[in-house]
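Participant: Take this structure, written in structure tokens, and hold onto it; I'll ask about it next.
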Amino acid sequence: MAGGVIATLIVLSLVSRKPKPVLAIPEHATVTIETTRVDCLVCHDPTVEGTVAPLKPVHPHVWKKEQVACTTCHVVPEGGLAQAAGKNRER
Ligand code: HEC
Ligand code: HEC
């Protein structure tokens, strides 16, 4: 039941707007498909003051559901972003 509601919400928000893939930036270097929403929210939580990239108020509200992973909508390349992030910044 609850799962159905969440699935419907996800589908509804997916058809209305397109979520961007997780960018290959140094901040995302540790992100993999296994990264949990809690780890994303360290930087993206709009309810915590001082996060580097807080979600906009217009962000689909499904993000607040603990059962929904950010990566359900925001695609992370297989193998994670460490490589991509490294390519962007010569080390
Ligand atoms: C160490 C901090 C940090 C973590 C952890 C982090 N991000 Fe980010 N994220 C950022 C920063 C900084 C930006 C860039 C904001 C900007 O350029 O406006 C960003 C941008 C984004 C964007 C916007 C892409 C775009 O094109 O506008 C998405 C989507 C995103 N992150 C998703 C995620 C997801 C999903 C996770 C967890 C799997 C995550 N982030 C974890 C710091 C982080
Ligand atoms: C239901 C799908 C969905 C889920 C789940 C989701 N997002 Fe998004 N996200 C979107 C969409 C759609 C946008 C808006 C893209 C646009 O307006 O161009 C977006 C935009 C963003 C952006 C760009 C800045 C902004 O606020 O518009 C960031 C950063 C982001 N999401 C991070 C996250 C994080 C972190 C989580 C998990 C806590 C998450 N998202 C969960 C669909 C989702």
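The values are calculated or read from the model by the stated rules, or taken from the named source; none is laboratory data. No experiment lies behind these values; they were computed from the predicted model shown. With ideal geometry, Cβ positions are generated from the backbone for all residues, glycine too; neighbour counts draw on all protein chains shown.
Participant: Do the conditions hold for Thr36, that is, is it of a type in the set (Ser, Thr, Tyr) and under 16 Å from Leu81 (Cα atoms)?
Facilitator: Judged against the criteria, Thr36 is a match.
Participant: Might you check whether a residue that is modelled with pLDDT of 90 or more and in contact with a Ser or Thr (Cβ under 7 Å, 6 or more places away or on another chain) occurs anywhere in segment 17-39?
Facilitator: Scanning segment 17-39, I find at least one residue that is modelled with pLDDT of 90 or more and in contact with a Ser or Thr (Cβ under 7 Å, 6 or more places away or on another chain), so the answer is yes.
Participant: Could you run through segment 49-63 and say how many residues are under 22 Å from Thr8 (Cα atoms), near ligand 2 (Cβ under 8 Å from one of its atoms), touching a Ser or Thr at 6+ places or on another chain (Cβ under 9 Å) and not hydrophobic (A, V, I, L, M, F, W, C)?
Facilitator: Residues that pass the stated criteria total 1.
Participant: Residues of segment 24-51 being under 18 Å from Cys73 (Cβ atoms) and touching a His at 6+ places or on another chain (Cβ under 8 Å), which ones?
Facilitator: Listed by number, the list holds a single entry, Pro46.
Participant: Let me ask something else. So which residues in segment 1-16 are loosely packed, with under 14 Cβ neighbours inside 10 Å and at pLDDT below 75, if there are any at all?
Facilitator: Met1, Ala2, Val11, Leu12, Val15, Ser16
Participant: Let me ask something else. Would you please list the contacts, defined by Cβ atoms under 8 Å and residues six or more apart or on different chains, that run from a residue in segment 53-71 that is at negative phi and touching a residue at least 12 places away in the same chain (Cβ under 8 Å) to a residue that is among the β-branched types (Val, Ile, Thr) and assigned to a loop (DSSP other than H, G, I, E, B)?
Facilitator: Val62/Val68; Ala69/Thr36; Cys70/Thr35; Thr71/Val22; Thr71/Ile33; Thr71/Thr35
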